[in-house]
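Any read-out appearing in this document is the output of simple, stated calculations on the displayed coordinates, not a laboratory observation. All of these numbers come straight from a predicted model, not from anything done at the bench. All Cβ positions, even for glycine, are placed from backbone atoms using ideal geometry, and neighbour counts span all protein chains on display.
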Amino acid sequence: MSFVEPERYFSRISMIDIQKDIVDAGFSHVLLDIDNTILTRDTHEVPRDVSFWLSKARGAGLTFCLVSNNWHESVYELAGRLDLPIVAKAVKPLPPAFLLALKKIGAKRKDTVVIGDQLVTDVLGAHFLGMTAYMLQPLVEQDLKHTLLLRNVERAFMGDREPEGASCEISETTQTKTAN
Ligand SMILES: [Mg+2]
């Protein structure tokens, strides 16, 4: 696996099988990005499938620490609402915030997977420290200007790699449309 590519690539977090993809893969801790990973950039909501996945994962014994480059009060409020520890103003992909997050939850790098929607911040940050990275497609297309620029870099490296779970989403959408 190349340094600039995630170990796994999913269409969204709820497409990650908690048992198979995390627990059986040897991970018990997750460092989790916020914006466009669990929180939509446009409406600032945690989608239902995402919050369901989070509580299921915690029920399975996984521990989480949020790691976000965001510095606004809102990310601390979200952490409070979700009752999760947070390292904000993280300056990912630089290592210090990841190391602090690991320390906060008493995690070792080899037992920890980093989950986020950006190659340059989340994936590279994980790989700089020898950790595994699961990358997600962003929840919504809307994002900060500099993030949108970085998406061009992502495209250059990810090419046409199809996210796991993408076809499920399409079929679910189709089913919903049919049902309506
Ligand atoms: Mg993000």
Which one of these does residue 53 not meet: (1) away from the ligand (no atom under 16 Å from the Cβ); (2) touching a helix residue (DSSP H, G or I) at 6+ places or on another chain (Cβ under 7 Å); (3) outside any helix (DSSP H, G or I); (4) of a type outside the set (Lys, Arg)? (3)
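Considering only residues that are within 16 Å of the ligand (Cβ to nearest atom), polar (S, T, N, Q) and crowded, with 16+ Cβ neighbours inside 10 Å, which ones fall in region 58-110? Talk me through it step by step, then tell me what you get.
Just the residues of region 58-110 that are within 16 Å of the ligand (Cβ to nearest atom), to begin with: 64-72, 74-75, 78-79, 82, 84, 86-94, 97-98, 101.
Next, from what is left, pick out any that are polar (S, T, N, Q): 68-70, 74.
Passing the criteria: 68, 69, 70.
Within region 29-45, is there a residue that is in a helix (DSSP H, G or I) and free of Cβ contacts under 8 Å to residues at least 40 places away in the same chain? Spell out the reasoning first.
Taking region 29-45 and keeping what is in a helix (DSSP H, G or I), we get none.
Within region 29-45, none of the residues are in a helix (DSSP H, G or I) and free of Cβ contacts under 8 Å to residues at least 40 places away in the same chain.
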